[in-house]
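Each remark here refers to the structure printed beneath this line.
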Amino acid sequence: MEIKLNYENAIANRGNLARIKAVMKRAKAGETLTVGFLGGSITQGSLATAPNLCYAYHIYEWWCKTFPKAEFKYINAGIGATDSQFGCARAESDLLAYEPDFVIIEFSVNDSSTPHFLETYEGLVRKVYGCKKQPAVLLVHNVCYDNGANAQLMHGKVARYYELPSVSMQSCIYPELVAGHIENREITPDDLHPNDKGHALVASVITYYLDKIAGEMDAPEETPITELPQPLTQNAYEDSVRYRNQNSEPEMSGFTRDDAVQEVITDIFKNGWTANEKGASIAFDVEGSCIGVQYRKTIQLPAPIAKMTIDGDEEHALMLDANFDETWGDKLVLDTAMEHGTKGRHHVVIEITETHEDDKLPFYLVSVIASGK
């Protein structure tokens, strides 16, 4: 049975369309353009049966079909089980380095609806929208199909404040499930990740709005936004720096560099450090007022446990337990040890506090992230 949606309901914010129309006009003229995507597992294409069946690739195909004289490059910077806080730290290397002309940002089922993620999402949006290339940006709000949950309450504030166009599955696809017009398993096997049909459905919501904008391409334009307003939040995350073994030389005792080559961005346990002995330690000097740590939680139990301290202060102590009680696979965890603390230089120490004779894997420290200089 064909699925029918009220696509107009999906337009959560019309936004200032000047940048998107400008990209479309360049595409119509036959230029070479780059289409980029930054998000979590849905953007990465999780549970699609092939990479070219995920929603992001469908959007790339829409650009190719709609503007056949142009040449398009496709950059998919989706990484599963990651949020906009990590997005701030990797946007430059994973997306902006390719100088995209059009970008979709998708983190509404990866972020929680909290002030923390309002701030990290704003930082990410500012970093992408305000970069030198000044790409067109479209925000996408996916949804949990069993309960309608997402972070759109917070992310929508950012969309409206920066006049960014945004589309929502919460107000378009989810109501059809609630009404019984769509069976959950028809479009998603786990109520989160779309299957092939679900990815195509999500893409159709996005391309509906893109078609609408293309139809208005020659209408009088709004004034393009070139200067960003003062931030809504403290905006400590826009300048995030990720300390990995490629750009830092921490003091180490019992930790070892992982010099294996990272072939793709989704190969997430690379360029870090490992340790498997109790008492092993690694120390960084970083700049910022917010400090986070990324490490591996593994389903291969038991696993080591570490402790992170900042400036020797127990107030910001954090236990890093590498034991993961899920079954779907190892997870790249990002924990925040300090938020809006004292700005300036901080001494971060991570020490292995517990190991076991039958540990399957060493403790893997992926990175330390400092923000808010």
task: Give me the pairs, please: first residue somewhere in segment 232-255 and more than 13 Å from F284 (Cβ to Cβ) and at pLDDT 95 or above, second residue anywhere and open to solvent by 50 Å² or more (accessible area, probe 1.4 Å) and assigned to a loop (DSSP other than H, G, I, E, B), beta-carbon distance under 6 Å, and either six or more positions apart or on two chains.
output: D239/K373; G254/E277
- line: Quick count over segment 328-345, residues being free of Cβ contacts under 8 Å to residues at least 60 places away in the same chain and farther than 14 Å from G372 by Cα, is 4
query: Among D321, D313, which is the only one that is over 22 Å from the mean Cα position of the chain (by Cα), within 23 Å of D83 (Cβ to Cβ) and either open to solvent by 50 Å² or more (accessible area, probe 1.4 Å) or at pLDDT below 95 (or both)?
result: D321
- prompt: Do we have any residue at all in segment 145-157 that's closer than 29 Å to L228 by Cβ, open to solvent by less than 50 Å² (accessible area, probe 1.4 Å) and in contact (Cβ under 8 Å) with a residue 60 or more places away in the chain?
  reply: yes
task: Could you run through segment 324-373 and say how many residues are open to solvent by 40 Å² or more (accessible area, probe 1.4 Å), hydroxyl-bearing (S, T, Y) and under 22 Å from the mean Cα position of the chain (by Cα)?
output: 1
Options G123, G40, G87: the member that is of a type outside the set (A, V, I, L, M, F, W, C), farther than 21 Å from P231 by Cα and open to solvent by less than 10 Å² (accessible area, probe 1.4 Å): G40
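Every residue, every condition in (1) within 12 Å of the chain's Cα centre (by Cα); (2) among the basic types (K, R); (3) within 20 Å of A200 (Cα to Cα), yes or no:
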{"site": "Y60", "(1), (2), (3)": "no, no, yes"}
{"site": "T66", "(1), (2), (3)": "no, no, yes"}
{"site": "G78", "(1), (2), (3)": "yes, no, yes"}
{"site": "A89", "(1), (2), (3)": "yes, no, no"}
{"site": "L95", "(1), (2), (3)": "yes, no, no"}
{"site": "S113", "(1), (2), (3)": "no, no, no"}
{"site": "K127", "(1), (2), (3)": "no, yes, no"}
{"site": "L139", "(1), (2), (3)": "yes, no, yes"}
statement: How many residues of segment 245-287 are farther than 24 Å from L95 by Cα, open to solvent by 80 Å² or more (accessible area, probe 1.4 Å) and hydrophobic (A, V, I, L, M, F, W, C)? The answer is 1
Inter-residue pairs, beta-carbon under 7 Å, first surrounded by fewer than 18 Cβ atoms within 10 Å (Cβ to Cβ) and in segment 166-195, second part of a helix (DSSP H, G or I), 6+ apart: N184/L177; E186/K197; D191/N184
message: Please go through (1) farther than 30 Å from S289 by Cβ; (2) open to solvent by less than 30 Å² (accessible area, probe 1.4 Å) for A200 and return the number of the only condition it doesn't satisfy.
response: (2)
- prompt: From E92, E106, E71, which residue is within 28 Å of N235 (Cα to Cα) and either open to solvent by 20 Å² or more (accessible area, probe 1.4 Å) or among the β-branched types (V, I, T) (or both)?
  reply: E92
query: Are there any pairs, at least 6 apart or on different chains, whose C-beta atoms fall under 7 Å, with the first in segment 50-78 and assigned to a loop (DSSP other than H, G, I, E, B) and among the aromatic types (F, W, Y) and the second modelled with pLDDT of 95 or more and surrounded by 19 or more Cβ atoms within 10 Å (Cβ to Cβ), and if so, which?
result: F67/A27
- prompt: farther than 24 Å from N16 by Cα and not aromatic (F, W, Y) - does that describe any residue in segment 127-138?
  reply: no
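For segment 195-242, enumerate the residues that are among the acidic types (D, E) and more than 28 Å from I59 (Cα to Cα).
Narrowing segment 195-242 to residues among the acidic types (D, E): 196, 211, 216, 218, 221-222, 227, 238-239.
Selection gives D239 alone.
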statement: Among residues of segment 14-49 being in a loop (DSSP other than H, G, I, E, B) and over 20 Å from the mean Cα position of the chain (by Cα), the residue nearest to I265 (Cα to Cα) is T49
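The values are calculated or read from the model by the stated rules, or taken from the named source; none is laboratory data. Quantities reported herein were computed from a predicted structural model and do not represent experimental measurements. Using ideal geometry, Cβ is built from the backbone for each residue, glycine included, and neighbour counts are taken over all protein chains shown. Only protein heavy atoms, including side chains, enter the accessible area calculation; ligands, DNA and RNA are left aside. Shrake-Rupley method; radii C 1.70, N 1.55, O 1.52, S 1.80 Å.
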